[in-house]
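**Q** Dumping the structure here so I can ask a few things about it.
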Amino acid sequence: SARSGCTGTLIAPDLVVTAAHCTGSVRGARPKLHFVAGWYRGRFKVHRVARTVERHPLYGQLTGLRNYSRDIAVLVLKEPVPSGLLARLPLMSRGARLPGDALLLGYENVRPHALSGRRGCPLRARYETLRLYGCEVRSGASGGAVVKYEDGVEKLSGVIVARRGQQGHALIAPLGDWLRDQWSEALMREKRRRRP
């Protein structure tokens, strides 16, 4: 069977955020999706399988750049990842702006066995809610994290959804209410699991 890779970020014990276009066809059977964290040259820290996939409800219903702003999905994992096993990246505070310079992280298909990072990527343009950062990204980085430091803590501030122009600059979808609701529900599931 055909295999392809994208990047995903653990944001709660059983929740991974990625780009919606990474999760297969909108119609028909969904592929079995795997989350492999800390992958480096054939070794990894965690492997989990998705129980369900939830895409932004407007993904695929909009046209042009507007569709990219909803190109977000979450994988709900069959088994949660214990906090001591793997750190998760919390979401940036509601109302906080995407940074002027950003750290972009993703597993690119030209270097699939190690995480690639672009530090200090400058903000180049705004397209309604989307942002364009002046660092090249390649296939496989879709779903990758845009990281912002907030009060000295690394937080997820956006998701890599595409490359634009001849330079392949990173097009970023912001975190919206739909993703925040998915995150809140995942944190509530964690609380219920911890109850005696």
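**Q** Would you mind checking Lys32/Lys155; Lys78/Lys191; Lys45/Lys78; Lys78/Lys148 for any pair whose Cα atoms are more than 24 angstrom apart? Walk me through the intermediate numbers first.
**A** Values: Lys32/Lys155 28 Å; Lys78/Lys191 17 Å; Lys45/Lys78 17 Å; Lys78/Lys148 29 Å.
Beyond 24 Å: Lys32/Lys155; Lys78/Lys148.
**Q** With a point put 7 Å past each Cα toward its Cβ, work out how far Val153 is from Leu86 in nm, to one decimal.
**A** Taking the two extended label points, one gets 2.0 nm.
**Q** Give me the percent of accessible area attributable to carbon and sulfur for the chain, probe 1.4 angstrom. Write down the numbers at each step before the final one.
**A** Working: 5210 of 10820 Å².
About 48 percent, which is the carbon plus sulfur part of the accessible surface.
**Q** So how many Å³ per residue does the convex hull of the Cα atoms of the range 15-130 work out to?
**A** Roughly 149 Å³ of hull volume per residue.
**Q** Once label points are set 7 Å from the Cα along Cα→Cβ at both Glu79 and Ala96, what is their separation, rounded to one decimal in nm?
**A** Taking the two extended label points, one gets 3.2 nm.
**Q** Related question: Compute the distance from the alpha-carbon center of the range 68-97 to that of the range 129-179, in whole Å.
**A** 14
**Q** May I ask you to evaluate 6.51 cos²θ - 1.76 cosθ + 1.60, the Karplus curve with θ = phi - 60°, for each residue of the range 175-185 and list the ³J(HN,Hα) values in order in whole Hz, giving x for glycine and proline?
**A** 3J(HN,Hα) across the range 175-185, in whole Hz: 7, x, 4, 4, 5, 4, 5, 4, 5, 4, 5.
**Q** I would also like to ask the following. Go ahead and estimate [θ] at 222 nm for the chain from helices alone: -39,500 (n - 2.57) per DSSP H run with n ≥ 4, summed, over the residue count, rounded to 500. Working shown, then result.
**A** Values: 2 runs with 22 residues, N = 196.
So the helix-based figure for the chain works out to -3500 deg cm²/dmol.
**Q** Between Arg111 and Gln167, how many nm apart are label points set 7 Å from Cα along the C-beta direction?
**A** My value for the distance between the label points is 1.9 nm.
**Q** Could you give me the percent of Cα pairs per 10 Å distance bin for the chain, shortest bin first, beginning at zero and ending with the bin that holds the maximum distance?
**A** 9, 38, 39, 14, 1, 0
**Q** Among the trypsin sites (Lys or Arg not before Pro) within the range 50-100, which fall in a DSSP loop and have no more than 12 other Cβ atoms within 10 Å of their own Cβ?
**A** Lys78, Arg94, Arg97
**Q** Further question on the same structure: With bins 5 Å wide starting at 0, give me the P(r) of the range 89-196 over every alpha carbon pair, in whole percents.
**A** 2, 12, 21, 22, 17, 12, 7, 3, 2, 1, 0, 0
**Q** Over the chain, with the other protein chains present, what is the accessible area per residue in square angstrom, probe 1.4 angstrom? Working shown, then result.
**A** Values: 10820 Å² over 196 residues.
Accessible area per residue: 55 Å².
**Q** Next question, about the same structure. Only Cα pairs under 8 Å and at least 6 apart count here; give the relative contact order of the chain as a rounded whole percent.
**A** Details: 435 pairs, mean separation 45.2, N = 196.
The normalised contact order for the chain reaches 23 percent.
**Q** I've got another one for you. Pull out the extension gain between Leu62 and Arg180, defined as 0.36 nm times the separation in residues minus the alpha carbon to alpha carbon distance; nm, one decimal.
**A** Here the answer is 40.4 nm.
**Q** Next question, about the same structure. So what J values fall out for the range 76-87 if you push phi through Karplus, 6.51 cos²θ - 1.76 cosθ + 1.60 with θ = phi - 60°, rounded to Hz, Gly and Pro as x?
**A** 9, 7, 4, 10, x, 9, x, 4, x, 8, 8, 6
**Q** Using a 10 Å cut-off on Cβ atoms, rank the peptides 79-85, 174-180, 120-126, 9-15 from the highest mean neighbour count down.
**A** 9-15, 174-180, 120-126, 79-85
The values are calculated or read from the model by the stated rules, or taken from the named source; none is laboratory data. On a predicted model such as this, the values are computed, not experimentally measured, just so you know. Cβ coordinates were reconstructed from backbone atoms using ideal geometry, including for glycine residues, and neighbour counts include every protein chain displayed. Protein only, heavy atoms only, side chains kept; ligands, DNA and RNA dropped before computing areas. Shrake-Rupley method; radii C 1.70, N 1.55, O 1.52, S 1.80 Å.
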